[in-house]
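**Student:** This is the structure, below, for whatever I ask next.
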Amino acid sequence: MPVTVTMPQLGESVTEGTITRWLKAVGDTVAADEPLLEVSTDKVDTEIPAPASGVLLSIDATEDDTVEVGGVLAVIGEPDDAAAAPSSEPSEPVVADTPAEPTTQAEAAPSEPATPEPATPEPA
C-alpha cells in the first residue's frame, strides 16, 4: 500500500518549508529513515527521511516549491503500486515563491460606469 510523504512540522511556529533538493528520483528504491529530500524554512535547513521502505512512485512537489506543513511531497510504495499511485498533481496547495496579484473589485467591475440617476425628480 502506498505511503504519502508529507511536509513535517519542523518547528513550533513553522508553517511551511521550501524544497531545496531531492536526494532521490522517481523509481529509486528507498529505505525507511533514509534521507529523501532537503527542506529549508525560516528557522532550519534539514533533510526529510523516508517514512517507509519501497520505491519512490511520484514526486508531487519540485525543487524551489514552498509547501505547507502537511502538504504532499511524494508517494512511496511497491513497484506494483505505481498504477495505483496518485497523479503527480499536488493535492495540497503549494504556496508560490511570489504572491499572486490580488483581484480587486475594480477589476471585476465593467469598464464603463453606469449612468447615475438624477438627484432631483424632473418636474411634472
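**Student:** What distance in nm lies between label points placed 7 Å from Cα along the C-beta direction at residue 64 and residue 28?
**Tutor:** For the pair residue 64/residue 28, the computed spacing is 2.0 nm.
**Student:** On to the next question. Given H placed on each backbone N at 1.01 Å, which residues far from residue 34 in sequence or on other chains put an amide H within less than 5 Å of it?
**Tutor:** Under 5 Å from the amide H of residue 34: 50.
**Student:** I need the semi-axes of the equivalent ellipsoid of the range 3-83: take the C-alpha gyration tensor, multiply each eigenvalue by 5, square-root it, list largest first in whole angstrom.
**Tutor:** Rounded to whole Å, the semi-axes are 22, 11, 11.
**Student:** Among 47-60, 21-34, 2-15, how do they line up from the highest to the lowest mean number of other beta-carbon atoms within 10 Å? Mind showing how you got there, number by number?
**Tutor:** Numbers: 47-60: 18.8, 21-34: 13.4, 2-15: 16.2.
Ranked from most to least packed, the peptides come out as 47-60, 2-15, 21-34.
Read-outs throughout are calculated quantities, based only on the coordinates presented, and are distinct from any laboratory measurement. None of these values were measured; they are calculated from a predicted model. Neighbour counts run over all protein chains shown; Cβ positions are idealised from the backbone, glycine included.
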